[in-house]
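Visitor: Could you have a look at this structure, given as structure tokens, before my questions?
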Amino acid sequence: MARANDEVEELLLEYADLLSILSEDPFKPRAYEKAARAVGGYHADLRQLDLKRILQIPSVGRSIGEKIGEYLETGQIHDLEQLRAQIPPGVRTLMSIPGLGPKKALALHQELRVSSVEELVSAIDAGAVAALKGFGSKSQENILRGIQQLHESGGRVPVNLALDVAESLLSELRATRGVRRAEYAGSLRRMAETIGDVDLLVAAAEKDAPRIMDALVGLGAVGRVLAHGTTKSSVVTGRGLQVDLRIVPIEVWGAALVYFTGSKAHNIRIREIAVRKGLKLSEYGLFQAKSGRLVAAETEQEVYAKLGLPFIAPTLREDRGEVEAAAAGELPALIGLRQIRGDLHTHTDLTDGLAPLEEMLEAASELGYSYYAVTDHAPNLAMQRMTDEKVLAQRHRLAKLQDRYPKMTLLHGSELNIDPGGDVDWPEGFLSGFDLTVASVHSHFNQSREQMTRRVIRAMENPHVNVIGHLTGRLIGKRPPIDVDLDAIFAAAARTGTALEINSFPDRLDLKDEHVLWARRHGARFAIDTDSHAVTHLGVMRYGVATAQRGWLSKDEVVNAWPLAKLRKFLRKGRT
Ligand code: DGT
Ligand code: CA
Ligand code: CA
Ligand code: ZN
């Protein structure tokens, strides 16, 4: 649990923010701010203090002291609740942008109806802020700079956005004279689900480095330069994502790539191994500790080899046992994108997809899939207006389209809704007409842990449910995961022969890497799906595969990496 001091600091800061909107007196908010900082930095735990001793904290007067006492006793501050009720929540979000004061935040909210930083960025892009009375283009620029700072200070971005930025910068860097190699490293190379900043690594001769750095800071995507050195620079893109660039000599490329790919925890683990071998590992290479003689630096393989280890894939480098497994020769043979033979969860415009069936199939066949499942929503998701007739007509259409795709077997499925009791949309007789089904929780996210667990397990026990779609329902940064007993669910998945989906959508990644690692220990099987609602979505498969790799999966555990005959057998769930 957070320290009470930190909780109270947060609340007092919020109180100060709200006061500065609602009160004309500039000193009162300032007093709360000072007290907040004092409490946050105070050495003793507030919960151990009585009112008398709370009042001894610097800058804490009687009125503030009593509010602190009230919070410790009741978990609430009545006056704060009253202020909260008077201010729309979006305004406070906007006030978290450095340099954007309360009055301006309130004006933006009232005039433009923006309630989040993202909405504000869109408004700025549309020129709406510059056009606003009392703002202008100068002030719009300041707000943008503030948003950049906000992102630098902890805003993480989804992996796909960071990858887009990295790839476009890399292609420009690679076209720059003197660049011998250019790659992204850091959490992006490990394909973590969110990225703090992008780390780019370039190999070049020392004489070329300054010119390459100048090229980077001059790129169109760069909004602001934080640091501009000859071998080390940091910039922020127009959208607020920080990019660090390092230039190293090509001779130490491998050592630098290992170091800057991390993770920090992985680096520490392999450095320990180096020390035990009388070696020293840094971004400049692997050296003999005593003589300082260089042992390896050119390639990652060499660096790992001299440590007595096989190459460890970047997606595994999280210190989750990969170094020990590598030393024991027990690293998994990781699933790769090319081993994916089909997609088992996709939509069309028959429900909420954007593209007609024909277009989805055409795009899927271009990916070289050997099978492809169409799984539009089932009737209980009422807004999708699915009916028995519509779904049967789709099946008929699919059968006719099969002729066009001699190499790709078209599977007809549906994404069922797991109702609060664990039942799904159609009775067994109707369900048996599908090649496969995905079943997902789409409602009643707030059931108790026991109910929710029972609900999902009951769905898995249904002999016609093949895949559990996006099990936890989380939307990264937007919606928390449902509360379930994952151990029980993973065990049931293995027992019932129901695959667990790894939903590849970058804002879902559900199951996530740690869950995958956990579920595989139960012997569960997985389906890496895109849940595509448009042709372009089919490409997100790479994020699902990366998540599977981070969960240590090999192709034997991924049902859509199997040949069709083996998949079909799995889909029967023991039925004859
Ligand atoms: P992020 O940016 O928060 O998503 O995560 P990373 O892993 O990209 O972290 P970042 O950008 O701070 O550093 C990039 C890599 O550099 C990191 O994965 C490992 C390496 N590194 C950074 N600081 C240290 C350190 O203090 N010790 C060691 N051993 N490695 C470090
Ligand atoms: Ca990073
Ligand atoms: Ca970094
Ligand atoms: Zn879906």
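Yes/no per residue for (1) under 30 Å from the mean Cα position of the chain (by Cα); (2) within 16 Å of ligand 2 (Cβ to nearest atom):
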| site | (1), (2) |
| --- | --- |
| 189 | yes, yes |
| 226 | yes, yes |
| 251 | no, no |
| 254 | yes, no |
| 263 | yes, yes |
| 275 | no, no |
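Visitor: What number of residues within region 71-118 are out of contact with any helix residue (DSSP H, G or I) (no Cβ under 9 Å at 6 or more places or on another chain), open to solvent by 50 Å² or more (accessible area, probe 1.4 Å) and in contact (Cβ under 8 Å) with a residue 12 or more places away in the chain?
Guide: Within region 71-118, residues that are out of contact with any helix residue (DSSP H, G or I) (no Cβ under 9 Å at 6 or more places or on another chain), open to solvent by 50 Å² or more (accessible area, probe 1.4 Å) and in contact (Cβ under 8 Å) with a residue 12 or more places away in the chain number 2.
Visitor: Right, next: For region 237-252, which residues satisfy the criterion of being in a loop (DSSP other than H, G, I, E, B), away from ligand 1 (no atom under 15 Å from the Cβ) and not charged (D, E, K, R)?
Guide: 238, 249
Visitor: Now for a separate question. Please find, among 193, 183, the residue that is more than 15 Å from ligand 3 (Cβ to nearest atom), in contact with a strand residue (DSSP E or B) (Cβ under 8 Å, 6 or more places away or on another chain) and not assigned by TED's automatic domain parsing to the domain that holds residue 299.
Guide: Answer to the selection: 193.
Visitor: Hey, another quick one. Note down all Cβ pairs under 9 Å where the first residue falls in region 469-492 and is assigned by TED's automatic domain parsing to the domain that holds residue 530 and closer than 16 Å to residue 524 by Cα, the second is open to solvent by 60 Å² or more (accessible area, probe 1.4 Å) and aromatic (Phe, Trp, Tyr), and they're at least six residues apart or on different chains.
Guide: 486/518; 487/518; 490/518
Visitor: Being more than 16 Å from ligand 4 (Cβ to nearest atom) and buried (at least 17 other Cβ atoms within 10 Å of the Cβ) is the requirement here; does residue 500 meet it?
Guide: no
Visitor: Could you tell me whether residue 281 is assigned to a strand (DSSP E or B), buried (at least 20 other Cβ atoms within 10 Å of the Cβ), in contact with a helix residue (DSSP H, G or I) (Cβ under 9 Å, 6 or more places away or on another chain) and not aromatic (Phe, Trp, Tyr)?
Guide: Considered against the rule, which asks whether it is assigned to a strand (DSSP E or B), buried (at least 20 other Cβ atoms within 10 Å of the Cβ), in contact with a helix residue (DSSP H, G or I) (Cβ under 9 Å, 6 or more places away or on another chain) and not aromatic (Phe, Trp, Tyr), residue 281 comes out as yes.
Visitor: Filter region 212-271 down to residues that are of a type in the set (Asp, Glu) and modelled with pLDDT of 95 or more and give me whichever is nearest to ligand 3 (Cβ to nearest atom).
Guide: That would be 244.
Visitor: Could you tell me whether residue 241 is within 16 Å of ligand 2 (Cβ to nearest atom), over 19 Å from residue 259 (Cβ atoms) and open to solvent by 40 Å² or more (accessible area, probe 1.4 Å)?
Guide: When the stated conditions are applied, residue 241 does not pass them.
The values are calculated or read from the model by the stated rules, or taken from the named source; none is laboratory data. What you see is a predicted model, and the numbers here were worked out from it, not measured in a lab. So basically every Cβ, Gly included, is an ideal-geometry build from the backbone, and we count neighbours across all protein chains shown. In case anyone asks, the SASA skips ligands and DNA or RNA and just uses the protein heavy atoms, side chains included. Shrake-Rupley method; radii C 1.70, N 1.55, O 1.52, S 1.80 Å.
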